[in-house]
1. For D230, indicate whether it is at pLDDT 85 or above and either within 23 Å of Q322 (Cα to Cα) or not small (G, A, S) (or both).
2. Kindly list, by first and then second residue, each pair from a residue in the range 73-96 that is over 22 Å from L13 (Cα atoms) to a residue that is open to solvent by less than 90 Å² (accessible area, probe 1.4 Å) and in a helix (DSSP H, G or I), limited to pairs with Cβ atoms under 6 Å and residues at least 6 apart or on different chains.
3. Would the range 96-112 turn up any residue that is within 18 Å of E85 (Cβ to Cβ), of a type in the set (K, R) and either at pLDDT 85 or above or not in a helix (DSSP H, G or I) (or both)?
4. Part of a strand (DSSP E or B) and small (G, A, S): is that true of G264 in this structure?
5. Which of the residues spanning the range 227-283 are in contact with a helix residue (DSSP H, G or I) (Cβ under 7 Å, 6 or more places away or on another chain), of a type in the set (V, I, T) and open to solvent by 10 Å² or more (accessible area, probe 1.4 Å)?
6. Among (1) open to solvent by 60 Å² or more (accessible area, probe 1.4 Å); (2) modelled with pLDDT of 80 or more, there is one condition V115 misses while meeting the rest; what is its number?
7. Among the residues of the range 85-109, what is the count of those that are exposed (fewer than 11 other Cβ atoms within 10 Å of the Cβ) and either of a type in the set (F, W, Y) or within 25 Å of A129 (Cβ to Cβ) (or both)?
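The values are calculated or read from the model by the stated rules, or taken from the named source; none is laboratory data. Treat the numbers as computed from the prediction; the structure is a model and nothing was measured. Note: ideal-geometry Cβ built from the backbone for every residue, glycine included; neighbour counts use all protein chains shown. With ligands, DNA and RNA removed, areas are computed over all heavy atoms of the protein, side chains included. Shrake-Rupley method; radii C 1.70, N 1.55, O 1.52, S 1.80 Å.
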Amino acid sequence: MSRRPSINRRLSLGLSITAILGTSLLLTAVFAEYRLGIRDLAGTDAFRFAWAEVADHVGMPVLLLIVPAILTVRIVIQRSYRLLENSARVISETPATRGLQIDDRAMPVEVLPFVSAINDLLKRLDHAAKEHESFAADVAHQIRTPLAIMALNLDHGANPDISVLRAEVASMSRLVEQLLLLTQVNAQAAAPAPLESHPLNDLVIDATSRFAPLAVAASRKVAFEECAADVAVACHKEAVASALRNLLDNALRITPEGGTVVVGCGPGKRIFVRDEGPGLPPDQLQTIITRQARTDSSQGKGAGLGLAIVTRIMAAHDRQLQTFPEKRELVMVFPD
């Protein structure tokens with residue numbers, strides 16, 4: 001097991017090297033001044049004279065300088081460590097609150113980069129906590145609505161509208177599936193697995209074939225535009241397929257009855273879904289995916305959560321979701 005890095009060990013090593021180098025330079029200076037060589041030390045008298053000079057001109061100066069220097073440095077280092085200990089105490093005693101930032105005004109300059117890094121981390125954690133709170137609030141709102149409709153229907157007597165109950169149960173089941181998918185995406189982002197190369201055509205054909213029966217049942221049509229056979233992307237196949245199904249589901253909701261949803265790929269590494277809705281402006285897309293909010297009735301019930309999941313999947317692949325309202329397209333972009 002490797003030892004942890006130690007400032008004390010580094011300082012001790014540095015001082016030792018400095019002492020050795022200083023002593024070597026002094027010895028060299030003494031031998032040069034008296035013009036002494038290896039042959040001159042062969043005789044007993046010469047040997048005694050040389051080492052007497054070494055003791056006078058090297059030994060004593062080294063003892064007089066190095067020993068006090070080592071003691072002084074140790075005292076200075078210990079006092080410096082107290083500043084670090086005080087800084088650590090300030091950090092540990094800072095109350096855990098939202099928007100927490102460590103006060104660095106009384107901290108030594110050398111600690112500021114670490115405090116700044118910690119404050120940046122706290123900002124990111126606080127932002128993530130706010131997003132989770134916002135997400136939980138939006139999910140609670142989406143669950144509350146179908147539950148209220150189901151309860152109202154059941155309160156009407158012995159003959160509740162079964163079709164309404166089924167629709168709301170289906171809506172809640174879809175919401176639970178979306179939450180499970182989002183949890184899986186977050187887990188993959190926290191512990192990324194190796195990406196594999198998959199042809200875009202295969203991804204699009206597979207998702208379209210699964211989606212077609214739902215479109216037919218909803219009195220819509222699906223058209224497929226094929227792209228070049230050699231275009232492939234590095235991705236997690238199931239995650240990208242789930243993102244594409246979410247886009248298709250969203251397109252189905254906002255396309256009027258009898259309309260057509262077009263799905264295809266290209267030019268380049270792009271997958272697009274074109275619907276017959278009003279088009280989604282970029283600022284509105286940003287609002288939806290930031291808050292996981294419901295869109296208005298023209299965009300379809302519960303569209304925000306699905307688009308937020310698509311965006312999260314794309315971000316986990318270092319990719320992005322784009323909107324082109326003039327074409328009424330949502331595009332999954334895979335840069336080269």
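1. So D230 fails the test.
2. S87/V111
3. yes
4. So G264 passes the test.
5. Residue satisfying the conditions is V231 alone.
6. Of everything listed in (1) open to solvent by 60 Å² or more (accessible area, probe 1.4 Å); (2) modelled with pLDDT of 80 or more, V115 misses just condition (1).
7. Number satisfying all stated conditions: 7.
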